[in-house]
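The next block holds one structure in the form of structure tokens; read it before the comments.
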């Protein structure tokens with residue numbers, strides 16, 4: 001996270017921190033501007049999350065039961081929701097500076113912003129709900145309320161929010177099918193890896209992905 005903040009502060013792009021502030025304000029106040037279709041979408045997300053919530057135990061059981069070749073896959077993709085993702089953002093910004101390519105620098109900065117805001121939203125919900133992680137073997141319905149204990153920060157998945165925050169912004173900006181597949185495919189595998197590693201319930205991953213996609217697409221739309 002420090003590297004992400006450093007990227008933003010080291011940018012020479014005019015008003016980058018002001019832009020982050022304005023985008024964050026826009027996201028937080030967006031419900032005040034909702035129309036009928038927006039409420040329908042929100043209801044659909046809430047309903048889907050609730051349905052997945054009811055299936056969390058079965059999904060966890062199935063994910064943990066299929067081990068053949070999957071451990072290697074989770075080791076490859078899981079870091080894209082943290083250190084690999086940060087490395088790609090930093091690498092993209094450095095390449096943009098070396099090549100003096102404003103487009104690459106802009107994409108890297110805005111994707112960084114999307115990842116940072118998405119992660120921030122997920123952690124606010126984590127701290128507030130205090131949902132217990134699946135590896136504690138206490139079931140999917142255990143919520144302790146406001147908490148800072150790592151074992152009680154399951155909902156939602158910040159790794160997944162981070163990955164989808166980057167993927168959704170880049171996909172929206174590039175309008176390239178191959179890039180869409182690479183971005184979203186990687187983000188989906190990050191989410192699956194979190195379930196496979198028994199760090200999150202499926203509903204945690206779904207909500208994290210929803211937050212990341214919402215943030216990334218919104219930032220692209222108001223860019």
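The values are calculated or read from the model by the stated rules, or taken from the named source; none is laboratory data. Since we're looking at a predicted model, the values are computed, not measured. No Cβ is skipped: glycine too gets one built from the backbone with ideal geometry, and neighbour counts run over all protein chains shown.
For the reader, a short list of remarks on this structure follows.
- Among the residues of the stretch 145-159, those that are touching a residue at least 24 places away in the same chain (Cβ under 8 Å) and not in a loop (DSSP other than H, G, I, E, B) comprise 158, 159.
- When residue 139 is tested against (1) within 30 Å of residue 60 (Cβ to Cβ); (2) surrounded by 14 or more Cβ atoms within 10 Å (Cβ to Cβ); (3) modelled with pLDDT of 95 or more, just one condition goes unmet, and that condition is (2).
- Residues in the stretch 51-70 that are free of Cβ contacts under 8 Å to residues at least 24 places away in the same chain and either in a helix (DSSP H, G or I) or under 19 Å from residue 210 (Cα atoms) (or both): 51, 54, 58, 61, 62, 65.
Residues checked against (1) in contact (Cβ under 8 Å) with a residue 24 or more places away in the chain; (2) assigned to a helix (DSSP H, G or I); (3) farther than 21 Å from residue 170 by Cβ:
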| site | (1), (2), (3) |
| --- | --- |
| 183 | no, yes, no |
| 186 | yes, yes, no |
| 190 | yes, yes, no |
| 199 | yes, no, yes |
| 209 | yes, yes, no |
| 212 | yes, yes, no |
| 216 | yes, yes, no |
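- Any chance residue 194 is within 17 Å of residue 49 (Cα to Cα), in contact with a strand residue (DSSP E or B) (Cβ under 7 Å, 6 or more places away or on another chain), in contact (Cβ under 8 Å) with a residue 60 or more places away in the chain and buried (at least 17 other Cβ atoms within 10 Å of the Cβ): no
- Scanning the stretch 65-82 for residues that are surrounded by 14 or more Cβ atoms within 10 Å (Cβ to Cβ) and within 21 Å of residue 158 (Cβ to Cβ), we see that the one that is farthest from the chain's Cα centre (by Cα) is 74.
- For the stretch 90-100, the set of residues classified as loosely packed, with under 14 Cβ neighbours inside 10 Å and under 19 Å from residue 220 (Cα atoms) is empty.
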